[in-house]
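Working notes, structure below.
The values are calculated or read from the model by the stated rules, or taken from the named source; none is laboratory data. None of the values given here were measured: they were computed from a predicted structure. We place every Cβ from the backbone using ideal geometry, glycine too, and count neighbours over all the protein chains shown. These area figures cover heavy atoms from the full protein model, side chains too; ligands, DNA and RNA do not enter into them. Shrake-Rupley method; radii C 1.70, N 1.55, O 1.52, S 1.80 Å.
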Amino acid sequence: MYAPENPQKWAEVNVKRTWSRGKRVSLVAGLVAVLLALMTVEVVTTIRGQSLTWDETDHIFAGYESWKTKDFGLNPEHPPMVKLLATIPLLQLPLKVPRLQGRFFKTESYLDGKDLLFGNAPAYSAESLVFRARLLPGLFALGLGLLVFAAGREMFGTGAGLLALGLFVTEPNLLAHSAYVTTDMGLSCTMFATVYAFYRYVKQPTVGRLIVTGVAAGLCLAAKHSSVLLLPMLVCLAAGEIAFRWRDRRVTVESGGEIAGESWVQVAVRLTGALLTVAIVGVVLLWGFYGFRYNARPAGLTLSPTLAEYVQPLSPHEAKGILLLAKMHLFPESWLYGLADVRAMANDMPSFFFGKVYAHGVWFYFPVLLTMKTTLGLMGLLLLAFWAIGTGRLTARREVMFLMVPPAIYLAVAMESQLNIGARHVLPLWVFGCVLAAGGAVALAARDRRWGWAVAALVVMHCTSSALAYPNYMAYANEAWGGPTKTYKYLSDSNTDWGQQLLATKAYVDSRGLKKPEDCWMAYFVAPLVLPSDYGIPCKLLPTADEFFNDEQHTVPPVIDGPVLISAGDLNGFEYGASELNPLEGFRGVPPSASIQDGILVFDGRFAVPMAAAQSHVQQSAVLLKEKKVDEALVEARTAEALDPGQLREELALGDALAAAGNPGEAKEHYAAALLKAKALTGGASERWVPKVEKALAGVQ
């Protein structure tokens, strides 16, 4: 054993080295804490100024009922983990809970969620309840930040870990969705955690690391149904590891070296067993979130419609697969029901892209979206990383594989899906991108100081762009596309307007002295699930695409005076499936006089709105028909047709009223006119409307 000549001096050197190493560790820990604190401040101050978003009433009520009554049949389209976590702060409050009314599960949970949040004032305001519910989901963002740092550090060094975390805590899309009571950040966190845990396992296979991977996978399955993509991700990563081992052994043999370690066959067997273990642990944990009960609802309650009925819109092989899983009870009923719902939505959701409404999604939506919603600085860093990989300057092949294969699979599936309504649906891509960008940046800067200056400039660009978007991260678009104020011209839904602007809108109408209903008009994207009046906004309502959620009636005159406040999601009218059906289409050519949080546009002046006026009477006619008030319904339908003659909805409503009134001959004429209009719709919307009209026409043959 080596013995130093001067033990005392050697001890002093060791003390200094230990002290220096401890000082570095403390400095790194301090920087991590500061960056996470910065993110916390950004997120908390942002959500304090935002109203409920589209899906939060649904999640909150379902989570609350799951705790209180073990009912997983409300909001089954999403697994329970995030909503259970979110509603923990509400459980000890003496809240008045609305009684279930036996409605379709989405209508039930959305509207009962609204009543839960707004029906407990003044003891508990909706704002205070929503803020409480958003607190714990925010832990996913902080946990993910720590994982990003840990992964960057383990893969590429401490500098890369800090840079990855710095990019993460200033990434606008991640900030926008960090604390909502929705599933996107929960999925991003648990999916990255699973991939990172599997990376650590293949580096050093131990039982502990394998179990951690299985637990992470189970949490991911309980976060969102997109978690099913973990299967192809982990299989591809395992295949990559096997291929690397086979190639390394072949190169060793060809070079005359000695072979050590497992053969590629042994690796294949071990990784196959590991994947089976991960799957078993993950599925068992998923069952735990449902209380190890197959039935979605407690005794005496059933899902309506049944699972067999709910899978009918799916392709035959998808429907048979889900029903087979249900028959074998391999997954909880509620989780399978949600899987069917997600697949049905992916096949039947209209979208808005670059000023055009599509009846379905388009394959190039997400690639173009990424160029818009990613900061120019981060895109520059990713391009440098790809260049470093291609030129051999970044040679960490396993790390590159684990950071590139999962997001590539995720993006490919997203491009194939028809659900084109938000960057949040590809949120995990930015997480992997932050770590990869940091790894490439550090690799280049280590070779040449000049690369360090380029990296620093891109990081400054990234942070500056994010800071300028604060606090309206939802609508973020980079400077090449005109910034957040222009996003609504290209994208819709949770890319810009998810209904989060009512607090800011209330401040705006107060500043203009708008105090009475006749002072203003408003089309609000989330209505009637949440109404402007819930936040004290007095404006009269214009019709929106989601009026079918309840039977609220309102009348719109053919000419209205501003100010008119219109949500971006209603301005482009994508939910109608065709621009011709949007009652507010005429406003798209009018420059707004103001914008509220880059998502609600304000128009001043006098405006002719015959289609909106007609739609309000179409809605009233439908409500009256439900109430069996046929004569009154017919009057409303004729009024609608007179206001906007020859249009699809008006002809269809008049046909329905005439058929109910016992006049099939005239009803056929109007159904036939509606069918012609349906067939002429652009953007593929005819495939949505033609079957509906044909069914009505067949009913009076």
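Using only side-chain charges placed at the Cβ, +1 for Lys and Arg and -1 for Asp and Glu, the dipole size of the chain relative to its Cα centre rounds to 2960 debye.
Expressed as a fraction of 2.2 N^0.38 Å, the value expected for a compact globular protein of N residues, the C-alpha radius of gyration of the range 359-416 is 1.32.
Between their Cα atoms, which of 106/224; 356/677; 489/516; 540/628; 373/489; 70/96 are more than 24 Å away from each other?
Details: 106/224 17 Å; 356/677 19 Å; 489/516 31 Å; 540/628 27 Å; 373/489 14 Å; 70/96 18 Å.
Over 24 Å Cα-Cα: 489/516; 540/628.
Net charge dipole, the range 427-526: roughly 260 debye, given to the nearest 20, about the Cα centre with Cβ charges of +1 for Lys and Arg and -1 for Asp and Glu. Tell me whether the range 514-650 comes out rounded, prolate or oblate; compute the Cα gyration tensor, take square roots of the eigenvalues as a ≥ b ≥ c, and use a/c under 1.5 as the rounded threshold. In terms of gyration-tensor shape, prolate.
For the range 142-213, compute Rh as the Kirkwood radius over C-alpha pairs and then the Stokes-Einstein diffusion coefficient at 4 °C and 1.567 mPa s; write the answer in µm²/s, rounded to an integer. Provide the component values of the computation, followed by the final result.
Working: Rh = 12.9 Å.
Answer, rounded: 100 µm²/s.
Here the convex hull built on the C-alpha positions of the range 209-314 has a volume of 124 cubic angstrom per residue.
Rg over Rh for the range 173-227 works out to 1.07, both radii taken from alpha-carbon positions and Rh defined as the Kirkwood radius.
Rounded to whole Å, the principal axis extents of the Cα atoms in the range 317-414 read 53, 40, 20, largest first.
Using only alpha carbon positions, build the gyration tensor of the range 88-190, then give the equivalent ellipsoid semi-axes as the square roots of 5 times its eigenvalues, largest first, whole angstrom.
Numbers: eigenvalues 278, 40, 22 Å².
Gyration-tensor ellipsoid for the range 88-190: 37, 14, 10 Å.
Using the Kirkwood radius over Cα pairs, work out the Stokes-Einstein diffusion coefficient for the chain at 20 °C and 1.002 mPa s, in µm²/s as a whole number. The partial results should precede the final answer.
Details: Rh = 27.7 Å.
D, rounded to a whole number, is 77 µm²/s.
Between 648, 467, 325, the Cα set farthest toward the positive side of the dipole of the chain (charges on each charged residue's Cβ, about the Cα centre) is that of 467.
With only the Cα atoms considered, the range 529-608 has a convex hull volume of 108 Å³ per residue. As a length-normalised measure over Cα pairs under 8 Å and 6 or more apart, the relative contact order of the chain settles at 12 percent.
Could you state the orientation-averaged shadow area of the convex hull built on the Cα atoms of the range 465-523, in nm² to one decimal? Present the calculation step by step, with values, prior to reporting the outcome.
Working: hull surface 19.3 nm².
Averaging across all directions leaves 4.8 nm² for the Cα convex hull.
Relative protection proxy for 221-232, 392-403, 50-61, 330-341, from highest mean packing down: 50-61, 330-341, 221-232, 392-403 (other beta-carbon atoms within 10 angstrom). Restricting the calculation to Cα atoms, the range 369-484 shows an Rg/Rh of 0.99 when the hydrodynamic-style radius is the Kirkwood one. Charge dipole (Cα centre; +1 on Lys/Arg Cβ, -1 on Asp/Glu Cβ; no other charges) of the range 302-394 amounts to roughly 380 debye.
Using only the Cα atoms, what convex hull volume per residue in Å³ does the range 150-289 have? Could you put the intermediate results ahead of the total?
On the way: hull volume 17.6 nm³, N = 140.
Given the Cα convex hull of the range 150-289, per-residue volume reads 126 Å³.
Could you work out the mean projected area of the convex hull around the alpha carbons of the range 618-698, in square nanometres to one decimal?
Details: hull surface 19.4 nm².
That works out to 4.8 nm².
Between 593, 670, 579, the Cα set farthest toward the positive side of the dipole of the range 561-675 (charges on each charged residue's Cβ, about the Cα centre) is that of 670. Straight-line reach from residue 23: taking Cα to Cα under 18 Å and skipping same-chain neighbours fewer than 8 places apart, the aspartates and glutamates in range are 12.
Solvent exposure of the range 500-646, expressed per residue, is 36 Å² of accessible area, with all protein chains present and a 1.4 angstrom probe.
Shape call for the range 62-117 from the C-alpha gyration tensor, a ≥ b ≥ c root eigenvalues: rounded (a/c under 1.5), prolate (a/b greater than b/c) or oblate? Since a/c reaches 1.5 but b/c is at least a/b, the shape of the range 62-117 is classed as oblate.
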